[in-house]
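Reading through the structure tokens given below for one structure.
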């Protein structure tokens, strides 16, 4: 069995995060960084974590909408349990894509359509990236003097190309001739194609899911803006609209642990043209990372409690059925 590439090893991701953070700490004034971090009062953390989880409940509803459109058949309780388990997985896996694998893997055990869960999860993640690009694109349009025409054209061109590629992938799945493949492959491919057609037949549902994704990203962005204000970073909202989603997209790269280090460096570089000190950009990103990690851990606890309640309810229903089947005597 071939060995995994070095960059896929867990220790490499942790080492990469530590290395990037070490470089940032070496070049930034630690006193100012610590001062910015300590401006966040302890009383604010419970509200931040609660807001984070509530916003991601919207994300769970969005994921359920897409998966069920593809035939997944998940209840809202199941969607919340699997989605929050994915948030927990984000803490320990290379990127949010790892969390997607966790929630899809759990859903596969309790779904009526494995193809629906897998395809729906892929479409849901694609919609999330499009939502981020939409927010960033809004920032580009609101910053006409900060970016030259060539830079804006490149950015918008990439966004359009990504959207076309995603649509082409769905169409390919729907229109691909299954008869040319072996029977085993054909049988699985037909299931995916059926799920793809179910999604394609309801574009309004996908537009609704995209709108929910944009709302989720905007809510998380506004949380970051509020935390930034507390830390002393008072950049205009239009700047945040441009910087925050691009930093988050950079953190999707599976080269560090959960994007730690990449997000901080990207946010500092993206804020720099707007006169925001790198020390404040990094401080706010570290505060947000703390929210992500703590929220993921709490989300894991919520997923565990929902799982316990589910299994307890299943056991009670089974016991009730058994009691009903007992013979009665006059």
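The values are calculated or read from the model by the stated rules, or taken from the named source; none is laboratory data. Bear in mind the structure is a predicted one, so any value in this text is a computation, not a measurement. Neighbour counts are summed over all protein chains in view; Cβ atoms, including those assigned to glycine, are modelled from backbone coordinates with ideal geometry.
Report, ordered by the first and then the second residue, all pairs with beta carbons closer than 8 Å, sequence separation of six or more or different chains, a first member in the stretch 129-157 that is on the phi < 0 side of the Ramachandran plot and part of a loop (DSSP other than H, G, I, E, B), and a second member that is surrounded by 12 or more Cβ atoms within 10 Å (Cβ to Cβ) and modelled with pLDDT of 75 or more.
143/238; 143/239; 143/242; 146/239; 146/242; 146/273; 146/274; 147/140
Looking at the stretch 307-330, can you tell me whether even one residue there is in a helix (DSSP H, G or I), modelled with pLDDT of 75 or more and within 30 Å of residue 261 (Cα to Cα)?
no
Going by what's in this entry, would residue 112 be described as farther than 20 Å from residue 238 by Cβ, in a helix (DSSP H, G or I) and modelled with pLDDT of 60 or more?
No.
Specify which of the listed residues (251, 268, 272, 283) is crowded, with 18+ Cβ neighbours inside 10 Å, touching a helix residue (DSSP H, G or I) at 6+ places or on another chain (Cβ under 7 Å) and either modelled with pLDDT under 90 or more than 19 Å from residue 220 (Cα to Cα) (or both).
Selected residue: 251, the only one of 251, 268, 272, 283 that is crowded, with 18+ Cβ neighbours inside 10 Å, touching a helix residue (DSSP H, G or I) at 6+ places or on another chain (Cβ under 7 Å) and either modelled with pLDDT under 90 or more than 19 Å from residue 220 (Cα to Cα) (or both).
Of everything in the stretch 53-71, what is more than 19 Å from residue 296 (Cβ to Cβ) and in contact (Cβ under 8 Å) with a residue 60 or more places away in the chain? Give them in sequence order. I'd like the intermediate steps shown before the answer.
First pass over the stretch 53-71, keeping only residues more than 19 Å from residue 296 (Cβ to Cβ): 64-71.
Once the filter is applied, which keeps residues that are more than 19 Å from residue 296 (Cβ to Cβ) and in contact (Cβ under 8 Å) with a residue 60 or more places away in the chain, the stretch 53-71 yields 65, 66, 69, 70, 71.
Just for the stretch 42-52: of the residues that are surrounded by fewer than 17 Cβ atoms within 10 Å (Cβ to Cβ) and in contact (Cβ under 8 Å) with a residue 24 or more places away in the chain, which one is farthest from residue 76 (Cα to Cα)?
Start the filter on the stretch 42-52 by keeping residues that are surrounded by fewer than 17 Cβ atoms within 10 Å (Cβ to Cβ), which leaves 42-47, 50.
Retained after the next criterion (residues that are in contact (Cβ under 8 Å) with a residue 24 or more places away in the chain): 44-45.
Numbers: 44: 29, 45: 27 Å.
If we take residues in the stretch 42-52 being surrounded by fewer than 17 Cβ atoms within 10 Å (Cβ to Cβ) and in contact (Cβ under 8 Å) with a residue 24 or more places away in the chain, then 44 is farthest from residue 76 (Cα to Cα).
Quickly run through the stretch 252-277 and pick out the residues that are assigned to a loop (DSSP other than H, G, I, E, B) and within 19 Å of residue 12 (Cβ to Cβ).
Of everything in the stretch 252-277, those that are assigned to a loop (DSSP other than H, G, I, E, B) and within 19 Å of residue 12 (Cβ to Cβ) turn out to be 252, 253, 254, 255, 256, 260, 261.
Please give the helices (runs of 4 or more DSSP H) falling wholly within the stretch 1-89 in which 2 or more residues are in contact with a helix residue (DSSP H, G or I) (Cβ under 7 Å, 6 or more places away or on another chain) and at pLDDT 90 or above.
Where helices (runs of 4 or more DSSP H) fall fully within the stretch 1-89 and carry at least 2 residues being in contact with a helix residue (DSSP H, G or I) (Cβ under 7 Å, 6 or more places away or on another chain) and at pLDDT 90 or above, they are 30-37, 44-69.
What is the one condition in (1) surrounded by fewer than 23 Cβ atoms within 10 Å (Cβ to Cβ); (2) more than 15 Å from the chain's Cα centre (by Cα); (3) in contact (Cβ under 8 Å) with a residue 12 or more places away in the chain; (4) within 22 Å of residue 305 (Cβ to Cβ) that residue 74 does not satisfy?
(1)
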